[in-house]
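Please treat every number below as a calculation from the coordinates, not as lab data. Keep in mind it's a predicted model, so treat the numbers as computed, not measured. Please note: Cβ atoms are built from the backbone with ideal geometry, for glycine as well, and neighbour counts cover all protein chains shown.
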Amino acid sequence: MARILVIGGSRGIGRAVCQAAAANGHTVRAMSRSGEMPDNVGGNCEAIKGDALNTADVARALDGINVVVQALGVPPSLDLILKPVTLFSEATRVLLPEMKKAGVLKLVSVTGFGAGDSNASINILQRLPFNMLLKRAYDDKSVQEELIEASDLDWLIVRPGVLTSGPASGKYRVLTKPAEWRNGIISRADVADFIVQRIEAEELNCEKPVLIRYPL
């Protein structure tokens, strides 16, 4: 069984990963600024308070861990549209050297469709709203991906489409080839299911799949 640190574990995809991993018997540590325990998790999950930008917090959270799931998010606001976003890259610059120090070699990082080289697959109709609302965040997620790709870790970059709060279906599509990449809809629970399955198979393989269920 894996010993998983979920950075951003109190909500969103991070919370869904905690739920899915704990349900499968893995030991889970959910790190968040609030330190809140994710909903509906078993006794093999612990919640700790920590800042992903604080080196000491990250080092403490990595103790005894053998795989990290980085599931950071920023709340919707005008700042997301009007101001530079640096959380994703800065947190990754903190995390990578601390993982190396701790001897933790496996990293799953959730970015999104439109980050990195998947940006070229955004269609014409979606390009304008994407650039208006998400460009600053996704520019930083692209830097985050570059940092991870340049590391010597065994990594998996997960790029979900538009997220919903629906249940896990197990019917999502894993698009690994650039020619297949497109936007779509997928539940956070399905993203978590994919991540936990890949951790259990020990097959991260330095891949960057796009995940969708229903194409847009």
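Can you compute the modelled spin-label distance between Arg3 and Asp51, with each label point 7 Å from Cα toward Cβ, in nm?
The answer from the label model is 2.7 nm.
Looking at the chain as a GNM with Cα springs under 10 Å, which of Leu147, Leu53, Leu125 has the largest mean-square fluctuation?
For the chain, modelled as a Gaussian network with Cα springs under 10 Å, the answer is Leu125.
Using Cβ contacts closer than 10 Å as the measure, can you line up Ser121, Ser34 from fewest to most? Walk me through the numbers on the way to the answer.
Numbers: Ser121 18, Ser34 10.
In order of increasing Cβ crowding within 10 Å: Ser34, Ser121.
So how far, in whole Å, is the C-alpha centre of segment 175-193 from the one of segment 20-51?
Centre-to-centre (Cα) distance: 24 Å.
If you line up the long axis of helix 87-102 against the longest principal axis of the chain, both from Cα atoms, how many degrees apart are they, to the nearest 10?
40 degrees
Counting Lys and Arg as +1 and Asp and Glu as -1, each charge on the Cβ, what is the dipole of the chain about the Cα centre in debye, to the nearest 20?
Values: 25 positive and 24 negative charges, 100 e Å.
The dipole magnitude comes to about 480 debye.
Find how much the distance from Ile81 to Asp154 grows on full extension, using 0.36 nm per residue of separation minus their present alpha carbon separation; answer in nm with one decimal.
Numbers: separation 73, 0.36 × 73 = 26.28 nm, distance 3.28 nm.
Roughly 23.0 nm would be gained on extension.
On a 0 to 90° scale, report how tilted helix 124-133 is relative to the longest principal axis of the chain, with both axes built from alpha carbons and the result rounded to the nearest 10.
Orientation of helix 124-133: about 50 degrees from the principal axis.
As a quick test, which of the pairs Lys101/Lys135; Lys100/Lys171; Lys49/Lys177; Lys106/Lys135; Lys101/Lys141; Lys101/Lys208 have an alpha carbon distance above 31 angstrom in this structure? Mind dumping the intermediate values first?
Working: Lys101/Lys135 33 Å; Lys100/Lys171 35 Å; Lys49/Lys177 38 Å; Lys106/Lys135 28 Å; Lys101/Lys141 24 Å; Lys101/Lys208 25 Å.
The answer is Lys101/Lys135; Lys100/Lys171; Lys49/Lys177.
Picking from Ile199, Pro84, Ala52, whose Cα lies most toward the positive end of the charge dipole for the chain (charges on Cβ: Lys, Arg +1; Asp, Glu -1)?
Ranked along the dipole, the leading option is Pro84.
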